[in-house]
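For reference, the structure discussed in these notes is given below.
The values are calculated or read from the model by the stated rules, or taken from the named source; none is laboratory data. Everything numeric in this text was worked out from a predicted model, so none of it was measured. Ideal geometry is used to build each Cβ from the backbone, glycine not excepted, and the neighbour counts take in all protein chains shown. Note: accessible area is taken over every heavy atom of the protein model, side chains too, but ligands, DNA and RNA are not part of it. Shrake-Rupley method; radii C 1.70, N 1.55, O 1.52, S 1.80 Å.
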Amino acid sequence: MKIVISGGGTGGHIYPAIAIANAIRVLHPNTEILFIGAEGKMEMEKVPQAGYAIEGLPIRGFDRSALLKSAFTVPFLLWKSLRKARRILQQFKPDVAIGVGGYASGPTLRVASRLGIPTLIQEQNAFAGLTNQLLGKRAAKICVAYEGMEQFFPKATLRLTGNPVRNDIATDLEKKKATALQYFGLSANSPIILVFGGSLGARTLNEALANNSSLLGTAKVQVLWQAGKIYIEKFSQTETARLPNVVIMPFIDKMDLAYAAADVIIGRAGALTIAELCLVGKPAILVPSPNVSEDHQTKNAVALVTKDAAILVKDQEASTQLIPKALALLQDTELRARLASQIKLLAKPNAAEDIAKEVLELVKNP
């Protein structure tokens, strides 16, 4: 059996894709899996590190700072990517092609459909992007993480599976608390706020922390702050970073320990982050990024807020509202318990396995 998995660009696409590949291998160990990504993107490094082969397409998106140039180069690169995707698929001859989002997913699934290869889309967000909406018209199955996705896709093709996450996130977090405190140099004597903006960090969250040094300095609270590699130099020089109750890091490599340590979590509202938060089951404040297509992070956050499973703070209001709301939440035991209980109900711990089973059903002779 042969499977192609296409997409990437960010960890939010790559890590779920790898989780799906791993789950397929567990169910069907002899499966040959080939990834198709975008040249120069992080999947070209991360996928081989996970033990899988990958081919790159020359596809890329529009550069808003050079729209005129992009207007000429992007269509040409799309044409080249479609041709290369056709050559890869004709040579590899997959039984199923999976799209997880990202630049490479579009050309790959479009060509696969034309070649008669069954396609499956893993739509991670509450608001489907235009590319996936178009691809979804010919997809055999569409695995989604939110209810109500029939507004974007044919209802008969939808499967509510959730988004795959790393196994260590949902495993014995309570038992890891002591280890987590020691690892990050934190104390058990006061509550902990975890703040992170994805692997690269988020300027808005960093600025909210930097602008509230006096408030954080007098509060009986600890802060575990992932500033991001591109922001660490600037924000490690702030008064907030120098507070004795604040631990600032460029990147947290053991997110399971960070989640285990936290009493309240502040983050963006990307699909992977939300999937992890649902499994972790702790009170969360979401600050959706405004710099994403179709404002899909706001839709992701709203889907939780309407179920009383999270608090939303708008990006433009974070500087003044985020830290006060986090400190108020720490004082409100009842609200914290309710948020934790409600978000836990949305968890899909078997998402990768469920998606893998849907893939195998599309193979005629697995």
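Here are the numbers for this structure:
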| quantity | calculated |
| --- | --- |
| Cross-link partners of residue 175 among aspartates and glutamates (Cα-Cα below 14 Å; sequence separation of 8 or more within a chain) | 256 |
| For the stretch 193-244, the fraction of alpha-carbon pairs in successive 10 Å shells from zero, as % | 27, 60, 13 |
| Spin-label model distance (nm) - residue 357 vs residue 215, 7 Å beyond Cα toward Cβ | 4.6 nm |
| FRET efficiency, residue 44 to residue 189 (Cβ-Cβ, R0 51 Å, nearest 0.05) | 0.65 |
| Spin-label pair residue 295/residue 200, simplified geometry with 7 Å Cα→Cβ offset, distance in nm | 2.1 nm |
| 28 Å Cα-Cα threshold exceeded, pairs from 84/155; 220/314; 234/348; 177/229 | 84/155; 234/348 |
| Size-normalised alpha-carbon gyration radius of the stretch 1-145, reference 2.2 N^0.38 Å | 0.99 |
| Two-decimal ratio, the chain, of alpha-carbon radius of gyration to 2.2 N^0.38 Å | 1.02 |
| Interatomic Cα distance distribution for the stretch 253-366, bins of 10 angstrom, percent | 13, 40, 30, 11, 4, 1 |
| Anisotropy class of the stretch 193-337 from Cα gyration tensor, a/c 1.5 cut | rounded |
| Packing rank of 224-232, 48-56, where each peptide gets the mean count of other beta carbons within 10 Å, highest leading | 224-232, 48-56 |
| Mean-position separation - Cα centroids, the stretch 149-190 and the stretch 266-300, in angstrom | 12 Å |
| Lys/Arg +1, Asp/Glu -1 at C-beta; the stretch 32-191 dipole; positive extreme among 167, 82, 186 | 82 |
| Label point 7 Å beyond Cα of residue 80 along Cβ direction - residues of the stretch 97-111 with amide nitrogen under 12 Å | none |
| Those residues of the stretch 286-322 whose amide nitrogen sits under 14 Å from the label point placed on residue 130, 7 Å along Cα→Cβ | 293-295 |
| At R0 = 35 Å, FRET efficiency that the Cβ-Cβ distance of residue 53 and residue 331 yields, to 0.05 | 0.10 |
| Carbon + sulfur, % of accessible area of the chain - ligands and nucleic acids excluded, 1.4 Å | 51 percent |
| Accessible area in square angstrom per residue, the chain, 1.4 angstrom probe | 46 Å² |
| Nearest-20 debye value, the chain charge dipole, Cβ charges on Lys, Arg, Asp, Glu | 1000 debye |
| Among 343, 281, 148 the positive-end extreme of the charge dipole of the chain (Cβ point charges) | 148 |
| Between helix 318-331 and the chain: long-axis angle, C-alpha atoms, 0 to 90°, nearest 10 | 70 degrees |
